[in-house]
């Protein structure tokens, strides 16, 4: 019903504006627009603060989905993986871990795939040992 009232209010407003000085058309059209708007207001008020339009509910991507995308994304993905490891370390054994400098991230992103896997393995082993 809300969409019909909204459409009626818009059409009636357009007719009232289009009628210009023809008061025989403009006044009834404006009245219809006003009544439709009032009914929309009452409907929203009766909803009691519940959202009128329902937002689509999307679940945030799971961590493993994000990691999968990061591992397949090349340099930018490597930066994401390193950032995730830094956040894990800050949440655990090293809360004072400073942010990485852009030069350091760039050098990690330039590693070969085998070197990057070795870096990850070493980093995870250290993180696990200190946890």
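The values are calculated or read from the model by the stated rules, or taken from the named source; none is laboratory data. Here the structure is a predicted model, which is why all the values come from computation and not from measurement. Virtual Cβ from ideal backbone geometry, glycine too; neighbours counted across all protein chains shown.
Brief remarks follow.
- For segment 98-131, the set of residues classified as free of Cβ contacts under 8 Å to residues at least 24 places away in the same chain and either surrounded by 14 or more Cβ atoms within 10 Å (Cβ to Cβ) or in contact with a strand residue (DSSP E or B) (Cβ under 9 Å, 6 or more places away or on another chain) (or both) consists of 100, 119, 126, listed by residue number.
- Within segment 103-118, the set of residues being in contact with a helix residue (DSSP H, G or I) (Cβ under 7 Å, 6 or more places away or on another chain) and assigned to a helix (DSSP H, G or I) comprises 105, 108, 109, 116.
- Failed item, numbered, when residue 67 is tested on (1) at pLDDT 85 or above; (2) in the same structural domain as residue 122 (by TED's automatic domain parsing): (1)
- Single residue of segment 84-97 satisfying the filter (assigned to a helix (DSSP H, G or I) and free of Cβ contacts under 8 Å to residues at least 12 places away in the same chain) that is surrounded by the most Cβ atoms within 10 Å (Cβ to Cβ): 90
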